[in-house]
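The values are calculated or read from the model by the stated rules, or taken from the named source; none is laboratory data. Since the model is a prediction, treat every value here as computed from it, not as a measurement. Virtual Cβ from ideal backbone geometry, glycine too; neighbours counted across all protein chains shown.
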Amino acid sequence: MPELPEVETVCRTLNDLIVGKTIAKVTVKLPRIIQHPDDPDVFSAMLEGRSFRAVERRGKFIRLIMDNLVLVSHLRMEGRYGVYHKDEPTELHTHVIFHFTDDTELRYKDVRQFGTMHLFAPGEEWTSRPLNKLGIEPLDEHFTLDAFKRALGSRSAPIKPVLLNQELVVGLGNIYVDEALHTAGIHPERPTNSLKPKELERLHHAIVGTLTAAVEAGGSSIKSYVNGQGEMGMFQMSLKAYGMTGQPCRTCGSLIEKSVVRGRGTHICPRCQKIK
């Protein structure tokens, strides 16, 4: 699933590709992707004649801002957007097509068919599902160490699933939680309330640093991720833990191990991330 850096990259790319374009019509080939309104014909009719004004991110969600409407899109496992000329062949698993007046198209492709789209009046998206219960943004100026501590609270659950909870801190998924915990030298099964102040400070710093570096690299092209121009991200070249099973730790040389924590594949260095 695309995480914060990948979604941020898609938003930045779409800002370059579709802002200013006007929708002539919308074709919905898989109705269940359209969650609100629940009628795809109404969804399409509402969008005709609208122009894109900006593309922004909230957590792992994409906010496509138009004239008096906001489209909230979640890519889920393998959703992706691409801009094409109308005469280019349409790939399999293309489920929603925004036809523009300049003969180009924004196409949404989703092999796994888990993606969602919600259409709202401006401002309504913040008080409605799926955005109304999201936690703090880790790349926002308000993501201070104190705010991070407040979000974690006194939870006794292992730190990894706590970091994956989008109602506490948004945008983190399996890749970047593994990377941040490795950088901070914290075992993913440590009870959250057992972390000492210095460890929390290291983890906060690691989250911000890891995500910032990943955004600058265009995300990690794990599985099928590409940006809105079909280009791969490059942060996977810098991964230190995730997907590195059996490879030497870049810090100490011990071999990276893989286990399962609360149902999620998890990568650690047994020396740098001892469970205390």
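Can you name every residue in the range 12-51 that is under 18 Å from Lys86 (Cα atoms), assigned to a strand (DSSP E or B) and of a type in the set (A, V, I, L, M, F, W, C)?
Ile23, Ala24, Val26, Val28
Could you grab me the full set of residues in the range 145-188 that are touching an Asp or Glu at 6+ places or on another chain (Cβ under 7 Å) and assigned to a loop (DSSP other than H, G, I, E, B)?
Passing the criteria: Val170, Gly171, Leu172, Gly173, Ile186.
Give the residue, chosen from Phe43, Phe61, Phe100, that is farther than 18 Å from Glu125 by Cβ, of a type in the set (Phe, Trp, Tyr) and touching a residue at least 40 places away in the same chain (Cβ under 8 Å).
On inspection, the qualifying residue turns out to be Phe100.
Which count do you get for residues in the range 128-156 that are within 25 Å of Arg50 (Cβ to Cβ), touching a strand residue (DSSP E or B) at 6+ places or on another chain (Cβ under 9 Å) and not hydrophobic (A, V, I, L, M, F, W, C)?
3
Quick check on my filter: what residues within the range 239-276 are among the β-branched types (Val, Ile, Thr) and in a loop (DSSP other than H, G, I, E, B)?
Once the filter is applied, which keeps residues that are among the β-branched types (Val, Ile, Thr) and in a loop (DSSP other than H, G, I, E, B), the range 239-276 yields Thr245, Thr251, Ile256, Ile275.
Scan the range 92-114 residue by residue and report those that are part of a strand (DSSP E or B), closer than 23 Å to Leu134 by Cβ and aromatic (Phe, Trp, Tyr).
Scanning the range 92-114 gives a single hit, Tyr108.
Taking the conditions exactly as written (assigned by TED's automatic domain parsing to the domain that holds Pro191, surrounded by 19 or more Cβ atoms within 10 Å (Cβ to Cβ) and out of contact with any Lys or Arg (no Cβ under 6 Å at 6 or more places or on another chain)), does Lys160 satisfy them or not?
Judged against the criteria, Lys160 is a match.
I need every pair where a residue in the range 189-210 that is assigned to a helix (DSSP H, G or I) has its Cβ under 8 Å from the Cβ of a residue that is surrounded by 15 or more Cβ atoms within 10 Å (Cβ to Cβ) and modelled with pLDDT under 95, sequence separation at least 6 or different chains.
Note: pairs meeting the criteria are Ile207/Tyr176; Thr210/Tyr176.
Each row is one residue, and each column tells you yes or no for (1) in the same structural domain as Ser259 (by TED's automatic domain parsing); (2) of a type in the set (D, E, K, R); (3) in contact with a Gly (Cβ under 7 Å, 6 or more places away or on another chain).
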| site | (1), (2), (3) |
| --- | --- |
| Gln113 | no, no, no |
| Leu168 | yes, no, yes |
| Ala184 | yes, no, no |
| Pro188 | yes, no, no |
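For residues in the range 66-80 being in a strand (DSSP E or B) and out of contact with any helix residue (DSSP H, G or I) (no Cβ under 6 Å at 6 or more places or on another chain), which is surrounded by the fewest Cβ atoms within 10 Å (Cβ to Cβ)?
Across the range 66-80, the extreme among qualifying residues is Leu69.
Among Lys60, Lys21, which is the only one that is surrounded by 15 or more Cβ atoms within 10 Å (Cβ to Cβ), closer than 30 Å to Ala180 by Cβ and not aromatic (Phe, Trp, Tyr)?
Lys60
Looking at Pro89, Pro2, which is the one that is crowded, with 19+ Cβ neighbours inside 10 Å and part of a loop (DSSP other than H, G, I, E, B)? Quick ask: steps written out before the conclusion?
Working: Pro89 fails: crowded, with 19+ Cβ neighbours inside 10 Å.
Answer to the selection: Pro2.
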